[in-house]
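Encoded as structure tokens, the structure appears first; notes follow it.
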Amino acid sequence: MSEAPDLGQRLADFRAELQRGGLTGFIVPHADEHQSEYLPASAERLAWLTGFTGSAGTAIVLANEAAIFVDGRYTLQVGSQINEALFAPQHLIDTPPPEWLKEHTGEGDRIGYDPWLMTIAEVGRFEKACVETGAELVAIDSNPIDAVWTDRPDPPLGAISLQSDDLAGEPADAKLARLAEALDEAKADATVLGLADAVAWTFNLRGTDIAHNPVALAWAILRRDGKPTLFVDSRKLSNAVRSALAEHADIETPDALPQALAELGSAGARVLLEPRSMAAAVAAAVTDAGGTVVEGADPTALPKARKNATEIAGARRAHIRDGAAMVRFLAWLDATVGSGTVDEVLAAEKLAGFRAETALADGSELADLSFGTISGAGPDGAIVHYQVSPETNRKLEPGTLYLVDSGAQYRDGTTDLTRTVAVGEPTDEMRDRFTRVLKGMVAVATARFPAGTNGIQLDAFARRALWDAGLDYDHGTGHGVGSFLSVHEGPANLSKRGTIALEPGMVLSDEPGYYKTGAYGIRIENLVLVTNAEAIPGGDRPMLGFETLTLCPIDRRLIDPRLLTIAELDWIDDYHARLPDALGHLLDEDERTWLAAATRPLS
């Protein structure tokens, strides 16, 4: 076992580096140049400095104090990973980082940041806070963490492959033509793509630079008139892939990007940039050279989110094989857990094995998991994004709940589902909470709503049954999901911040939960596809609805039918009735027998 890092010494070295640079503080986001949610090892600066390994967070380091900011998914995890004598944990919703900075800085303070790691919008919020206190926000050319992180890994060089048209459903040249039209409508001459999944979708390429995310770290400049430019390390390209991509774009290395941005600026170009996801350094390079930044939505975001017919068909296929793998896992778990030998690590490993085996049996291949499996037994299930380690590994014990949140990356689709399973006999409280979470999941799955409805409006559907009992959960209800792309995809989501209207073709998760700290966690998650719904008799407008893609039984032992309406009971029974026919061809006889019992009608 490797020796634990001396985080106190790392922080002291970092502060000394700030002092050498004439800075009184520095902002450290969980980010890379592409604003990726999941980072390559070379970009894990926040984890290196603080010990916190979650997928979202920010630290602010001042001369004599420091704080780390996380959302509700990570409030338990951050407390277990950091040294609170070094970093004071803060909830970033209750105490946004700019507000904290405003309260802890004053006249003459110089607060540094890396403009490649912070977005245009983020810098704007911090600048406003500094102006109010008389502090100065300073963009730094070279990140000071890199000066003291002496064994920092090299950036990734994962091989790039092409996503064939029969899986993508639309060739790259057709996508580029649509995006050129979008630039014309926005009265922009060009746009810069920095999000790795945006580049991947646009050029129908996939990569292996980030674990569980089939993307390549690359940049692109798209022009209203003229050929795009793709900025990618040539070592990631085979001759065949380079030739194919060169049909659509000029190929340059990433170090050529700053000069290309300056050339756009010197030509007086109007460059469309998404302020919430584009590095501030990109905007500065354009405007410093004389160009104009047009702030607006990433033109790839909505087209990427609206899955075409080919992608939808692929998603349905992927969920059949993934559902069969889950059934095989749950049947194994039921048969084995009573032995007392099953722990969180073993369960996660067995599930990954079933996914790989089932994909091969279906004539497919498991490219990767879509994220690190959340395998939480008992109190670990209450840590929303728990990641098991040898130090935290816990056995599945009678009288507890086991929460497993997992997913897969197949070439034809991305999956993500959560099931909570009773180990032994559940308590009445567990069944009550589980059933309320289930009611919320069903409420979203059965919702009918007019065009223009956004995630804020639907989020409350999932919470109502919990609210009725004075309960809630501190995360969103659903996120977008890509097509053999990022498992967390924008721009739409189901949450208290979900302002984007839902449209047919979007795939989202439906995952309410309940978490009792120190005891158990409950989450039930299906992926759903936004569809045009059948007309409602007597209604006067078209409606949208959801098709449930995920195919996996819900633990009947945890359901209290007395809390369910007849409509809810019917939905659950109808959902379960689909599974034997949909999945049976990928199961053996014992697994089919288990599935038949697990999907018996409740009513």
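The values are calculated or read from the model by the stated rules, or taken from the named source; none is laboratory data. Keep in mind the model is a prediction, meaning the values are calculated, not measured. Neighbour counts run over all protein chains shown; Cβ positions are idealised from the backbone, glycine included. The area values use the complete protein model at the heavy-atom level, side chains included, leaving out ligands, DNA and RNA. Shrake-Rupley method; radii C 1.70, N 1.55, O 1.52, S 1.80 Å.
Here are some notes:
- Number of positions in region 476-522 that are surrounded by 24 or more Cβ atoms within 10 Å (Cβ to Cβ) and of a type in the set (S, T, N, Q): 5
- In region 1-20, the residues that are touching a helix residue (DSSP H, G or I) at 6+ places or on another chain (Cβ under 9 Å) and open to solvent by less than 50 Å² (accessible area, probe 1.4 Å): 7, 11, 14, 16, 17, 18
- For region 399-412, the count of residues that are under 20 Å from residue 506 (Cα atoms) and either of a type in the set (Asp, Glu) or open to solvent by 10 Å² or more (accessible area, probe 1.4 Å) (or both) is at least one.
- Any chance residue 247 is at pLDDT 95 or above, open to solvent by 60 Å² or more (accessible area, probe 1.4 Å) and under 20 Å from residue 176 (Cβ atoms): yes
- Here the condition is being on the phi < 0 side of the Ramachandran plot and open to solvent by 40 Å² or more (accessible area, probe 1.4 Å); of 77, 81, it holds for 81 alone.
- Take the conditions (1) of a type outside the set (A, V, I, L, M, F, W, C); (2) under 25 Å from the mean Cα position of the chain (by Cα); (3) not in a helix (DSSP H, G or I); residue 248 misses just one of them, which is (2).
This table checks each residue for (1) surrounded by fewer than 16 Cβ atoms within 10 Å (Cβ to Cβ); (2) closer than 30 Å to residue 371 by Cβ; (3) at pLDDT below 95; (4) in contact with a Cys (Cβ under 8 Å, 6 or more places away or on another chain).
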| position | (1), (2), (3), (4) |
| --- | --- |
| 223 | no, no, no, no |
| 231 | no, yes, no, no |
| 234 | yes, yes, no, no |
| 268 | yes, no, no, no |
| 279 | no, yes, no, no |
| 292 | yes, no, no, no |
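- So residue 65, is it surrounded by fewer than 20 Cβ atoms within 10 Å (Cβ to Cβ), modelled with pLDDT of 95 or more and either in contact with a strand residue (DSSP E or B) (Cβ under 6 Å, 6 or more places away or on another chain) or of a type in the set (Val, Ile, Thr) (or both): no
- With respect to (1) closer than 19 Å to residue 402 by Cα; (2) in a strand (DSSP E or B); (3) among the acidic types (Asp, Glu), the lone exception for residue 368 is condition (1).
- Residue that is more than 19 Å from residue 420 (Cα to Cα), loosely packed, with under 13 Cβ neighbours inside 10 Å and of a type in the set (A, V, I, L, M, F, W, C), where the choices are 597, 567: 567
- Output for region 295-309, where each listed residue is part of a helix (DSSP H, G or I), in contact with a helix residue (DSSP H, G or I) (Cβ under 7 Å, 6 or more places away or on another chain) and open to solvent by 20 Å² or more (accessible area, probe 1.4 Å): 303
- Out of 541, 557, 578, sole residue that is part of a helix (DSSP H, G or I), out of contact with any helix residue (DSSP H, G or I) (no Cβ under 9 Å at 6 or more places or on another chain) and among the basic types (Lys, Arg): 578
- Within region 523-538, the residues that satisfy the criterion of being surrounded by 14 or more Cβ atoms within 10 Å (Cβ to Cβ), over 17 Å from residue 374 (Cα atoms) and of a type in the set (Val, Ile, Thr) are 528, 530, 531.
- The sole residue among 422, 447, 443 that is part of a helix (DSSP H, G or I) and crowded, with 16+ Cβ neighbours inside 10 Å is 443.
- A single entry from 33, 3 fulfils the requirement of being part of a loop (DSSP other than H, G, I, E, B) and farther than 15 Å from residue 117 by Cβ: 3.
- Every listed requirement among (1) surrounded by 22 or more Cβ atoms within 10 Å (Cβ to Cβ); (2) farther than 30 Å from residue 479 by Cα is met by residue 32 save one, (2).
- Reported count of residues in region 473-495, each being part of a loop (DSSP other than H, G, I, E, B) and among the small types (Gly, Ala, Ser), is 5.
- In region 324-357, the residue that is nearest to the chain's Cα centre (by Cα) out of those that are among the basic types (Lys, Arg) and open to solvent by less than 60 Å² (accessible area, probe 1.4 Å) is 355.
- Residue match in region 509-520 (condition: more than 23 Å from residue 557 (Cβ to Cβ) and either aliphatic (A, V, I, L, M) or in contact with a Leu (Cβ under 6 Å, 6 or more places away or on another chain) (or both)): yes
- Which listed residue, of 505, 470, is free of Cβ contacts under 8 Å to residues at least 24 places away in the same chain, in a loop (DSSP other than H, G, I, E, B) and on the phi > 0 side of the Ramachandran plot: 470
- Condition broken by residue 434, with the remaining ones in (1) open to solvent by less than 10 Å² (accessible area, probe 1.4 Å); (2) closer than 30 Å to residue 484 by Cβ satisfied: (2)
- Taking the conditions (1) part of a strand (DSSP E or B); (2) farther than 30 Å from residue 364 by Cβ in turn, residue 461 satisfies each one other than (1).
- 2 or more residues without any contact (Cβ under 8 Å) to a residue 24 or more places away in the chain: qualifying strands (runs of 3 or more DSSP E) within region 76-174: 88-91
- Failed item in (1) assigned to a helix (DSSP H, G or I); (2) among the aromatic types (Phe, Trp, Tyr); (3) under 24 Å from residue 515 (Cβ atoms), with residue 38 passing the rest: (1)
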